[in-house]
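One structure is given below, encoded as structure tokens.
The values are calculated or read from the model by the stated rules, or taken from the named source; none is laboratory data. Here the structure is a predicted model, which means the values were calculated and not measured. No Cβ is skipped: glycine too gets one built from the backbone with ideal geometry, and neighbour counts run over all protein chains shown. These accessible areas exclude ligands, DNA and RNA; they are computed on the full protein's heavy atoms, side chains included. Shrake-Rupley method; radii C 1.70, N 1.55, O 1.52, S 1.80 Å.
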There are 2 protein chains.
Amino acid sequence: MTRLDLTGDVVELTRTICDIPSVSGDEKALADAVETALRAYGHLEVLRDGDAVVARTNTGRGTRVVIAGHLDTVPIKDNLPVVVDGDIMRGRGTVDMKAGVAVALHLAATLSEPRHDVTYVFYDHEEVAARLNGLGRLVRNHPEWLAGDFAILGEPSDGTVEGGCQGTMRVKITVPGVAAHAARSWKGSNAIHSAGAVLDVLRAYVPRRPVVEGLEYHEGLNAVKIEGGIAGNVIPDLCTVHVNHRFAPDRDVAAAEAHLREVFAGFELEVVDAAPGARPGLEQPAAKEFVDLVGRPPAPKLGWTDVSRFAGLGIPAVNFGPGDPLLAHTDGEFVPIPEIRQALHVLTTWLS
Amino acid sequence: MTRLDLTGDVVELTRTICDIPSVSGDEKALADAVETALRAYGHLEVLRDGDAVVARTNTGRGTRVVIAGHLDTVPIKDNLPVVVDGDIMRGRGTVDMKAGVAVALHLAATLSEPRHDVTYVFYDHEEVAARLNGLGRLVRNHPEWLAGDFAILGEPSDGTVEGGCQGTMRVKITVPGVAAHAARSWKGSNAIHSAGAVLDVLRAYVPRRPVVEGLEYHEGLNAVKIEGGIAGNVIPDLCTVHVNHRFAPDRDVAAAEAHLREVFAGFELEVVDAAPGARPGLEQPAAKEFVDLVGRPPAPKLGWTDVSRFAGLGIPAVNFGPGDPLLAHTDGEFVPIPEIRQALHVLTTWLS
């Protein structure tokens with residue numbers, strides 16, 4: 001097992017944990033190394049569930065913050081071991097999100113008496129189906145391990161605080177028709193043609209850009225799948241349009257559904273799945289303090305992230321981590337080394 | 001092998017040949033019975049290619065008509081043996097089209113000196129892929145067997161002469177987009193939304209109803225398939241719409257294609273397949289004489305049928321047979337017995 005030096009250089013630590021492959025489902029080696037390394041520190045209580053490792057201080061502070069990151073990566077594409085090229089560290093996991101994990105590990109080891117009690121959460125299966133998600137499993141199995149007043153998810157955010165996240169909902173719209181032979185099409189009713197009215201709605205839709213707790217979100221309403229037709233000589237009697245709606249965190253799932261039912265009034269609409277967004281939570285005192293220290297205006301998080309799981313527990317949460325989130329999952333992902341050091345600096349200052 | 005009595009009651013003959021199953025690909029038993037029965041008549045020259053049987057008189061008349069029908073049926077659905085219920089004969093093949101075949105077999109056996117020389121064509125594989133079609137195979141292998149001045153295809157037409165047929169063309173329209181994550185949809189361009197413009201064209205299209213040689217056709221332009229989208233969180237970069245165009249026989253395939261390129265100007269359009277229509281050919285003297293004898297105004301044939309293969313050989317062709325064409329391929333198909341006798345009567349009168 002690779003021994004991790006948590007108190008040394010955070011950049012070297014980033015490199016070391018990147019070079020322990022941990023594609024989703026194969027996190028055990030890294031989780032073992034993380035657990036072993038954390039157990040060396042007497043100020044930490046270390047817990048484990050599957051390949052999720054939780055470590056926490058118990059100094060009796062009145063407040064507790066959670067710092068979380070996932071250990072897994074998307075599949076390796078000839079991009080390990082990592083390569084350092086000047087100020088850039090390149091390779092699988094560098095930006096998504098082992099630099100963030102390294103920062104948290106370093107904090108855990110070095111801050112024996114933080115200003116807020118801290119719970120560090122390192123979890124598995126973030127890059128795959130939601131039902132496998134390690135943080136979701138902790139929510140189900142040990143919600144008390146995740147208790148806190150404020151949470152920071154170390155996902156890449158270019159060093160900016162990205163508040164909350166947008167919700168997402170998929171609906172299936174079913175447009176009926178009447179089948180007929182294509183040679184006598186007027187005896188039927190073409191469901192694909194009728195689905196044109198659904199596309200009319202989508203083309204005319206102007207998404208909201210609401211400001212929530214000072215952050216401007218940007219919604220979206222898009223067809224992500226359309227299907228219709230059974231044979232080259234048959235007027236189709238069915239066309240389905242799958243629509244994805246991204247909604248700002250001022251609306252919950254029920255409000256988003258009501259909105260879609262209004263937008264698509266007259267159509268048969270079925271909700272396929274939905275995940276709530278999360279409000280930024282930037283009005284929480286610990287959060288305000290943190291944002292002030294970062295010294296840059298916070299930004300809205302548009303994609304859905306695991307901060308929503310904290311929101312579900314009633315814990316305001318933000319994304320804050322080194323690197324450009326748009327590089328996540330790309331074969332050429334990289335992280336700027338100064339951003340790793342800067343993230344560590346900000347968090348250390350905040351918690352000292 | 002069932003022995004066929006060609007000169008007895010045409011209704012009994014219909015029942016007998018219906019009860020010899022002959023789903024496409026399995027026509028041999030019926031083709032053998034037909035060939036054997038026809039060879040008993042000295043006034044007929046009998047030819048065979050695969051499971052197609054051709055019989056012809058050679059009396060030296062100046063004119064020759066072709067009477068054709070297919071031996072195969074769509075699959076049996078617990079609807080054999082046939083059941084006679086009053087004036088109705090019900091079961092697989094009754095309307096499509098063994099009643100028409102029985103009429104032709106009876107004519108072949110009984111008319112030793114017809115007023116026009118007659119070529120009777122009984123063929124296989126009509127109900128399946130066009131490349132397997134037995135009449136198409138005869139056109140390729142023995143076009144001289146099909147020579148004639150006028151052809152009658154005994155497909156059900158409710159005893160009306162249905163002239164010519166409409167052509168059919170399928171085109172694929174490809175609408176591009178730009179992929180993006182659904183959380184940031186404005187960074188992409190939704191191909192499904194853009195395909196709405198194709199559906200706009202289809203919804204606004206007013207099909208022609210041109211009169212060709214006195215018959216009013218009715219064209220059609222319909223989406224028969226639409227596909228787009230690859231995942232629930234991705235803005236689709238491709239949507240395809242398959243469109244079927246039915247065109248009247250005053251336009252050939254090239255004219256139909258030019259029309260579609262004009263209608264869908266600005267879209268990427270590819271012709272997937274096409275089959276020409278056939279002009280009614282009712283101005284041909286033998287055809288006129290036949291129509292007068294039927295005593296009802298002729299009607300246009302809207303669907304594509306094998307008359308187009310005769311048209312391709314330069315032989316005007318019509319559909320004329322007992323039963324309702326809309327019952328073809330239904331599990332409850334049936335033929336009214338009086339229509340079988342009436343079709344035989346008209347053809348016998350015409351050819352005597």
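General observations
- Some residue of the range B:293-302 being of a type outside the set (Lys, Arg), part of a strand (DSSP E or B) and crowded, with 17+ Cβ neighbours inside 10 Å: yes
- Test for B:Ala37: is it in contact with a strand residue (DSSP E or B) (Cβ under 9 Å, 6 or more places away or on another chain) and farther than 21 Å from B:Ile337 by Cβ: no
- Of all the numbered requirements in (1) free of Cβ contacts under 8 Å to residues at least 60 places away in the same chain; (2) within 14 Å of chain B (Cβ to nearest Cβ), A:Gly295 misses one, and that requirement is (2).
- Restricting attention to the range A:337-351, the residues that are within 30 Å of A:Thr59 (Cβ to Cβ) and open to solvent by 40 Å² or more (accessible area, probe 1.4 Å) total 6.
- The residues listed here are B:Gly62, B:Gly8; of these, the one that is open to solvent by 70 Å² or more (accessible area, probe 1.4 Å) and either touching a His at 6+ places or on another chain (Cβ under 9 Å) or free of Cβ contacts under 8 Å to residues at least 24 places away in the same chain (or both) is B:Gly62.
- Qualifying residue in the range B:14-27 (condition: open to solvent by less than 70 Å² (accessible area, probe 1.4 Å) and closer than 14 Å to B:Tyr120 by Cα): no
- Verdict on A:Arg203 being within 7 Å of chain B (Cβ to nearest Cβ) and in contact with a strand residue (DSSP E or B) (Cβ under 8 Å, 6 or more places away or on another chain): no
- Sole residue being at pLDDT 95 or above and either open to solvent by 10 Å² or more (accessible area, probe 1.4 Å) or in contact with a Pro (Cβ under 6 Å, 6 or more places away or on another chain) (or both), chosen from B:Asp49, B:Asp78, B:Asp72: B:Asp49
- Long-range neighbours under 6 Å by Cβ, at least six apart or interchain, first residue farther than 10 Å from A:Ile173 by Cβ within the range A:263-277, second in a loop (DSSP other than H, G, I, E, B) and open to solvent by less than 40 Å² (accessible area, probe 1.4 Å): A:Gly277/A:Gln166; A:Gly277/A:Pro249
- Restricting the search to strands (runs of 3 or more DSSP E) fully inside the range B:99-198 and requiring at least 3 residues that are within 14 Å of chain A (Cβ to nearest Cβ) gives B:167-176.
- Selection count where residues are buried (at least 18 other Cβ atoms within 10 Å of the Cβ) and more than 14 Å from every other protein chain (Cβ to nearest Cβ), scope the range B:307-336: 15
- Test for B:Gly196: is it on the phi > 0 side of the Ramachandran plot, free of Cβ contacts under 8 Å to residues at least 60 places away in the same chain, in the same structural domain as B:Ala182 (by TED's automatic domain parsing) and surrounded by 19 or more Cβ atoms within 10 Å (Cβ to Cβ): no
- Set B:Val318, B:Val335: member being over 17 Å from B:Glu216 (Cα atoms) and part of a strand (DSSP E or B): B:Val335
- Search result, residues across the range B:229-241 that are at the interface with another protein chain (Cβ under 7 Å from one of its Cβ atoms) and in a strand (DSSP E or B): B:Val234, B:Ile235, B:Cys239
- Failed criterion for B:Val83 (all others in (1) in contact (Cβ under 8 Å) with a residue 12 or more places away in the chain; (2) over 20 Å from the mean Cα position of the chain (by Cα) hold): (1)
- Here the condition is being farther than 23 Å from B:His142 by Cα and under 22 Å from the mean Cα position of the chain (by Cα); of B:Val23, B:Val34, it holds for B:Val23 alone.
- Any hit, the range A:261-274, residues being more than 30 Å from B:Cys239 (Cα to Cα), under 21 Å from the mean Cα position of the chain (by Cα) and either at pLDDT below 95 or part of a loop (DSSP other than H, G, I, E, B) (or both): no
- For the range B:214-228, the count of residues that are more than 10 Å from every other protein chain (Cβ to nearest Cβ) and hydrophobic (A, V, I, L, M, F, W, C) is nonzero.
- The range A:206-251, residues that are within 24 Å of B:Asp237 (Cβ to Cβ) and surrounded by fewer than 16 Cβ atoms within 10 Å (Cβ to Cβ): A:Val206
- The range B:110-138, residues that are open to solvent by less than 10 Å² (accessible area, probe 1.4 Å) and of a type outside the set (Ser, Thr, Tyr): B:Pro114, B:Asp117, B:Val118, B:Val121, B:Phe122, B:Asp124, B:Asn133, B:Gly134, B:Leu135, B:Gly136, B:Leu138
- Residue count for the range B:139-163, restricted to those that are under 30 Å from B:Pro297 (Cα atoms) and either open to solvent by 40 Å² or more (accessible area, probe 1.4 Å) or of a type in the set (Gly, Ala, Ser) (or both): 9
- B:Gly100 vs. criteria over 25 Å from the mean Cα position of the chain (by Cα) and open to solvent by 10 Å² or more (accessible area, probe 1.4 Å): no
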